[in-house]
Amino acid sequence: MENAYYKIYKPYGYLSQFVNNQNRRKNKKLLSEIYNLSESIMAVGRLDEKSEGLLLLTTDGKFSNHITSSKIEKEYHVMVDGLITNEQIEILKGGVEISVNGKPYHTKPCSAELLKDTSHIVERFVRDEKHGPTSWLKITLKEGKFKQVRKMTAKIGFPTLRLVRVRIGNYYLEDMKPEDIKTISY
């Protein structure tokens, strides 16, 4: 059987999975509510329920292992609470200490910069402007610990309000909209 490869725009509010094996998540929305794909399909890596954007799907375990390796960059466009400064961005770039599985973990150096043009990001209400200013960042990592970007921005005092993954290696979100799916090649 030939392997299948897709890229999707995972919408906000969905888990990055097709089958729910846990009772405590019974009211959660799964990708199988949107996409009718083979039972052997799996998400490559994850985006948490409150995150959105590019997610790759495949039936190929080797492809999945390659994409989730530390060789492949993942790029996120992140809305944070407050007006972030260059000093704080420099701290992020050098790596910060977060908690992973209850243990301290120092993130690897990453690329981070202020994102001035957000015209490519699909509009979605996050909060009323009266709650204060926000900043958008472009953060590129070669690792992906559980909720890493959210933990990193919170560590420097700028909680993440919105997180959109726009790139995984050479795969881009491009002009896709939430729930879009496209076949890709490997």
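The values are calculated or read from the model by the stated rules, or taken from the named source; none is laboratory data. These numbers were taken from a predicted model, which means no experiment stands behind them. Counting neighbours? That spans all protein chains shown, and the Cβs are built from the backbone with ideal geometry, glycine included. For the accessible areas, the whole protein counts, side chains as well, though only heavy atoms, and no ligand, DNA or RNA atoms are used. Shrake-Rupley method; radii C 1.70, N 1.55, O 1.52, S 1.80 Å.
Laid out as a table, the results:
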| read-out | value |
| --- | --- |
| Check on Phe146, under 25 Å from Val100 (Cβ atoms), in contact with a strand residue (DSSP E or B) (Cβ under 9 Å, 6 or more places away or on another chain), open to solvent by 60 Å² or more (accessible area, probe 1.4 Å) and of a type in the set (A, V, I, L, M, F, W, C) | yes |
| Boolean, Leu56 is under 18 Å from the mean Cα position of the chain (by Cα) and closer than 15 Å to Gly169 by Cα | yes |
| Failed condition for Leu92, given (1) touching a helix residue (DSSP H, G or I) at 6+ places or on another chain (Cβ under 9 Å); (2) open to solvent by less than 40 Å² (accessible area, probe 1.4 Å); (3) part of a loop (DSSP other than H, G, I, E, B) | (3) |
| Residue match in region 30-42 (condition: under 23 Å from Leu161 (Cα atoms) and either of a type outside the set (A, V, I, L, M, F, W, C) or out of contact with any Leu (no Cβ under 7 Å at 6 or more places or on another chain) (or both)) | yes |
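Condition check ((1) closer than 23 Å to Gln148 by Cβ; (2) at pLDDT below 95; (3) of a type in the set (Asp, Glu); (4) open to solvent by less than 70 Å² (accessible area, probe 1.4 Å)) across all residues:
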{"site": "Asn36", "(1), (2), (3), (4)": "no, yes, no, no"}
{"site": "Ser40", "(1), (2), (3), (4)": "no, yes, no, yes"}
{"site": "Gly45", "(1), (2), (3), (4)": "yes, yes, no, yes"}
{"site": "Lys50", "(1), (2), (3), (4)": "yes, no, no, no"}
{"site": "Gly53", "(1), (2), (3), (4)": "yes, no, no, yes"}
{"site": "Lys62", "(1), (2), (3), (4)": "no, no, no, no"}
{"site": "Ser69", "(1), (2), (3), (4)": "yes, yes, no, yes"}
